[in-house]
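Colleague: I have a structure here, written as structure tokens, and I will follow up with some questions on it.
The values are calculated or read from the model by the stated rules, or taken from the named source; none is laboratory data. Keep in mind the model is a prediction, meaning the values are calculated, not measured. All Cβ positions, glycine included, derive from the backbone under ideal geometry; neighbour counts span all protein chains shown. What goes into the accessible areas is simple: the full protein's heavy atoms, side chains included, and nothing from ligands, DNA or RNA. Shrake-Rupley method; radii C 1.70, N 1.55, O 1.52, S 1.80 Å.
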Amino acid sequence: AAVGVAATLQDAATVEALARDSHANVRTAALDALFRMKSPAVVPEALNALGDGHDFQLLMTAARVLRGLPAESKDNATEILLATLRRLTEAASDMSRDPRVAILDRLGETMRPERAADLITYTTDFDDDVINAATKALTAVVGSAPSDGAKKRRYPFQPAERELWDLPKFAEIIFDDGKVTLELRQDVAPVTVATFARLVREHAYDGKTLHRVVPNFVVQGGSP
């Protein structure tokens, strides 16, 4: 909310300060605002976010707002984008798809042809969307598509048999002022229900907030 007000007032100094906030959601909003304000501060703030950020939404936004960089900023951006891409890929999280694709999109704009070999490994990634983004970026950098390589593959999560036989039918979200009951669709999504139940047992959702609620559309949570 503070970012929105500051951006409306064209208060770039406040938005820049909020781009260094301790909360990833605030930093994400501030980067987007700086980009829309056409502030030159968006570039260093986005590069800082890529260097020290871990939130996937923040990293995706940071990569996206680096669109259209001036020539003098491209080499530095390339190094930081590559380092972040390597870090995310080594973690091997399925949820890292969006920031990795956004980073590859930017690398297609910032990378020198002599650095193109750094993209080859991502053309055989475990995620097909990343493969497509890497292929597109490499083609943009060198002018031709890479040859096909053996793609990395891995088995998706499979719950233990005992978990599938003992799936919960309902779950409760307890708030400060009430609770919400969820019906879990064992009949159509047993693996998803088993994954959700495992995360509940691991306390993955404890203490989280619902930071976005749009009636008849979506309820988003999980962010610190």
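Colleague: Whenever you get a sec, compute what percent of the accessible area on the chain sits on carbon and sulfur atoms (1.4 Å probe).
Modeller: Details: 7420 of 13670 Å².
Summing carbon and sulfur atoms, their accessible area is 54 percent of the total for the chain.
Colleague: Another question about this same structure. How would you classify the range 185-224 from its alpha-carbon gyration tensor, with a ≥ b ≥ c the square roots of the eigenvalues: rounded for a/c under 1.5, else prolate if a/b is greater than b/c, otherwise oblate? It would help to have the intermediate numbers written out before the result.
Modeller: Values: a/c = 4.12, a/b = 1.24, b/c = 3.31.
Oblate, because a/c is 1.5 or more while a/b does not exceed b/c.
Colleague: Still on this model: Does anyone have the angle between helix 42-52 and the longest principal axis of the chain? Alpha-carbon axes, 0 to 90°, nearest 10?
Modeller: Between helix and principal axis, roughly 50 degrees.
Colleague: List the relative contact order of the chain as a percent without decimals, with contacts defined as Cα pairs under 8 Å and 6+ residues apart.
Modeller: On the way: 270 pairs, mean separation 23.1, N = 224.
RCO, the chain: 10 percent.
Colleague: Oh, and also: Accessible area per residue of the range 96-219 at 1.4 Å probe, in Å²? The partial results should precede the final answer.
Modeller: Details: 8500 Å² over 124 residues.
With all protein chains present, the range 96-219 gives 69 Å² per residue.
Colleague: Could I ask something else about it? Taking θ as phi - 60°, what are the ³J(HN,Hα) couplings along the range 121-126 by the Karplus curve (6.51, -1.76, 1.60), each to the nearest whole Hz, with x for Gly and Pro?
Modeller: Per residue, the Karplus-derived 3J(HN,Hα) values read 4, 7, 7, 10, 5, 7 Hz.
Colleague: Oh, and also: Assuming 1.002 mPa s and 20 °C, estimate D for the chain with Stokes-Einstein, Rh taken as the Kirkwood radius over Cα pairs, in µm²/s.
Modeller: 107
Colleague: Let me ask something else. For the Cα atoms of the chain, what angle does the longest principal axis make with the long axis of helix 190-201, in degrees from 0 to 90, nearest 10?
Modeller: 90
Colleague: Cut-off 10 angstrom, C-alpha nodes, Gaussian network model of the chain. Which of Arg185, Arg67, Arg115 fluctuates the most?
Modeller: Arg185
Colleague: Once you place label points 7 Å from the Cα toward the Cβ at Arg162 and Glu79, how far apart are they in nm?
Modeller: 5.2
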